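Single-structure report; data block below.
The values are calculated or read from the model by the stated rules, or taken from the named source; none is laboratory data. Here the structure is a predicted model, which means the values were calculated and not measured. With ideal geometry, Cβ positions are generated from the backbone for all residues, glycine too; neighbour counts draw on all protein chains shown.
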Amino acid sequence: MTAASDLIATLPTDLWLGGKQTPASSGTRFAVLNPATGAELTTVADASAQDGIAALDLAASAQSSWAATPSRERGEILRRAFELLHERADDFALLMTLEMGKSLQESRGEVNYGGEFLRWFSEEAVRIGGRFTQAPAGNGRILVTKEPVGPVLAITPWNFPLAMGTRKIGPALAAGCTVIVKPAEDTPLTMLLLGQVFADAGLPAGVLSVLPASDAASVTGPLMDDDRLRKLTFTGSTGVGKLLVRNAADRLLRTSMELGGNAPFIVFDDADIDAAVDGAMLAKMRNGGEACTAANRLYVANAVRGEFTEKLTARIAALKVGAGDEAGTEIGPLINGKQRTAVTALVDDAVAKGARVRTGGSAPAGPGFFFTPTVLDNVPADADLLTNEIFGPVAAVVGFDTEDEAVAAANDTRYGLVAYFYTRDLARTMRVSAALETGMVGVNRGAISDAAAPFGGVKESGFGREGGSEGIEEYLETKYIAL
Ligand code: ADP
């Protein structure tokens with residue numbers, strides 16, 4: 001047996017309910033594929049509305065005792081889960097590579113990154129505060145306390161199967177909330193294994209459930225309609241996010257939305273070009289471009305565009321594409337055939353409108369959902385990939401002349417998650433950081449995510465923040481007590 005088949009044979013593949021594996025009430029299962037081959041890895045239990053309500057029954061009945069558990073103890077369980085995750089780092093890394101496709105090196109990076117949310121919030125659990133003041137009129141005292149919002153539904157995407165879960169589960173558990181996770185149907189295995197890790201860490205049964213489902217809405221809809229659910233936290237596409245916010249309106253359910261991005265990456269003419277190329281490789285090619293933080297539009301000053309594009313093209317053309325668990329692989333397959341068709345259509349559209357292919361440009365023949373890493377130069381303003389998330393290893397370069405022109409182009413999008421820029425001028429750094437309409441800005445940096453920093457967007461990239469001291473606030477209610 002290979003390491004992969006050994007691992008698959010020992011995984012939890014039933015629903016994670018009541019602190020243990022539980023078959024779906026309907027008895028049905030669905031297949032999880034390896035995107036590098038298109039072959040079935042295994043099957044998982046397929047949750048129905050009935051299973052969702054069973055998870056909410058558990059979450060609601062565990063809510064008050066979990067909220068009353070001393071924050072130190074909640075923090076220690078999170079800390080233990082962080083340690084167990086690292087003890088099983090090789091399994092988690094291989095599993096993410098198998099179900100999502102990214103290289104083993106990137107999967108190991110995600111174990112570290114995803115684990116940080118457990119460590120960070122294990123430390124934040126004991127720092128939930130409040131405040132006390134005298135009423136200005138002198139007629140009383142104002143006491144402000146924080147309480148857990150209550151049972152949480154977390155809907156997560158496939159691109160970071162571990163970290164998109166931990167950055168919701170970490171703060172929710174730290175705050176004293178119970179959690180039901182509905183992982184993406186393409187990558188449910190990582191979250192099921194995390195359920196096991198939390199049980200091993202001593203999390204009481206019922207506080208965390210994991211419900212894979214082939215039809216997400218059939219499970220999440222009835223949960224959102226149930227008065228006992230108090231919070232929805234979602235990471236995924238802007239289209240689905242809007243639908244969920246509309247549905248949440250009926251009960252004024254509290255929501256946090258981490259939605260799509262269309263990140264600009266600006267290289268000014270005073271930038272360190274080699275550093276900018278390094279940053280672009282990270283911002284564009286990390287996770288194969290399948291990240292909401294991925295640089296979607298590379299705006300490069302015309303004075304340096306030739307040099308930058310040439311160096312970037314050499315680096316991108318040299319990337320080793322292959323199955324994530326093959327030695328030396330840098331870029332794995334895309335998640336599925338639908339995603340590859342979408343990336344192909346965006347590249348074809350740009351080329352038809354006049355973009356020049358510097359390297360790549362199409363999907364290779366053969367099994368798996370691969371797309372050759374691509375650089376497009378002279379991308380025209382009306383190309384669809386400048387307004388839509390590419391979510392693939394495609395770098396689109398557009399020239400500009402002035403700073404105002406670059407900033408205007410960067411802001412000319414309905415999204416506002418992150419923007420990156422490279423410059424050596426401090427005054428420009430401050431001016432451009434202020435002018436960019438995004439929740440996050442990377443200055444001379446191609447990667448910005450950090451469990452200790454508030455991650456989140458503005459405009460149609462959503463609302464709410466994950467990580468930092470802000471992250472736990474999403475799971476807390478404020479109560480004012482007049483004394
Ligand atoms: P992507 O297009 O990247 O797959 P989605 O927004 O479709 O992103 O998916 C993100 C998560 O949202 C996944 O867990 C998916 O199952 C879930 N999802 C998709 N559609 C719905 C829906 N109508 N209701 C609830 N969850 C949904």
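Output yes when any residue across the range 177-191 is under 29 Å from PHE92 (Cβ atoms), more than 17 Å from the chain's Cα centre (by Cα) and part of a loop (DSSP other than H, G, I, E, B), and no when none is. Within the range 177-191 (the criterion being under 29 Å from PHE92 (Cβ atoms), more than 17 Å from the chain's Cα centre (by Cα) and part of a loop (DSSP other than H, G, I, E, B)), the answer is yes, since at least one residue qualifies. Taken over the range 438-483, the criterion of being basic (Lys, Arg) and not in a loop (DSSP other than H, G, I, E, B) is satisfied by LYS459, LYS479. If you filter the range 330-352 down to residues that are β-branched (Val, Ile, Thr) and in contact (Cβ under 8 Å) with a residue 24 or more places away in the chain, you find that the one that is nearest to GLU40 (Cα to Cα) is ILE335. Here the condition is being more than 16 Å from the ligand (Cβ to nearest atom) and assigned by TED's automatic domain parsing to the domain that holds PHE308; of ALA342, ALA350, it holds for ALA350 alone. Listed residues VAL418, VAL394; which is over 21 Å from ALA271 (Cα atoms) and either under 22 Å from the mean Cα position of the chain (by Cα) or in contact (Cβ under 8 Å) with a residue 12 or more places away in the chain (or both)? Step by step, each of VAL418, VAL394 is checked, and only VAL394 is over 21 Å from ALA271 (Cα atoms) and either under 22 Å from the mean Cα position of the chain (by Cα) or in contact (Cβ under 8 Å) with a residue 12 or more places away in the chain (or both).
crowded, with 17+ Cβ neighbours inside 10 Å, in the same structural domain as LEU194 (by TED's automatic domain parsing) and out of contact with any Cys (no Cβ under 8 Å at 6 or more places or on another chain): does that describe ALA213? It is true that ALA213 is crowded, with 17+ Cβ neighbours inside 10 Å, in the same structural domain as LEU194 (by TED's automatic domain parsing) and out of contact with any Cys (no Cβ under 8 Å at 6 or more places or on another chain). Residues in the range 316-339 that are within 16 Å of the ligand (Cβ to nearest atom) and part of a helix (DSSP H, G or I) were compared, and the one that is surrounded by the most Cβ atoms within 10 Å (Cβ to Cβ) is GLN339. Applying the condition of being over 24 Å from MET440 (Cβ atoms) and in contact (Cβ under 8 Å) with a residue 40 or more places away in the chain to the range 288-315 and asking which residue is surrounded by the most Cβ atoms within 10 Å (Cβ to Cβ) yields THR309.
Selection of strands (runs of 3 or more DSSP E) fully inside the range 66-161 by the criterion of at least 3 residues being within 16 Å of the ligand (Cβ to nearest atom) returns 152-155. Among the residues making up the range 244-285, those that are assigned to a strand (DSSP E or B) and among the aliphatic types (A, V, I, L, M) are MET257, ALA263, ILE266, VAL267.
Could we say that THR413 is among the polar types (S, T, N, Q), part of a strand (DSSP E or B) and at negative phi here? Here the answer is no, as THR413 does not meet what is asked.
Restricting the range 16-54 to residues that are part of a loop (DSSP other than H, G, I, E, B) and of a type in the set (S, T, N, Q), the residue that is surrounded by the most Cβ atoms within 10 Å (Cβ to Cβ) is ASN34. For the range 179-196, filtering for residues that are of a type in the set (D, E, K, R) and either buried (at least 24 other Cβ atoms within 10 Å of the Cβ) or under 14 Å from ARG167 (Cα atoms) (or both) leaves 1.
Name the residues in the range 216-239 that are within 15 Å of the ligand (Cβ to nearest atom) and surrounded by fewer than 21 Cβ atoms within 10 Å (Cβ to Cβ), would you? Listed by number, the residues that qualify are ALA216, ALA217, SER218, GLY221, PRO222, MET224, ASP225, ASP226, SER237, GLY239.
Each row is one residue, and each column tells you yes or no for (1) surrounded by fewer than 24 Cβ atoms within 10 Å (Cβ to Cβ); (2) among the charged types (D, E, K, R); (3) touching a residue at least 60 places away in the same chain (Cβ under 8 Å).
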{"position": "ILE77", "(1), (2), (3)": "yes, no, yes"}
{"position": "LEU84", "(1), (2), (3)": "yes, no, yes"}
{"position": "ALA89", "(1), (2), (3)": "yes, no, no"}
{"position": "MET100", "(1), (2), (3)": "no, no, yes"}
{"position": "LEU104", "(1), (2), (3)": "yes, no, yes"}
{"position": "GLY114", "(1), (2), (3)": "no, no, no"}
{"position": "PHE121", "(1), (2), (3)": "no, no, yes"}
{"position": "ALA137", "(1), (2), (3)": "yes, no, no"}
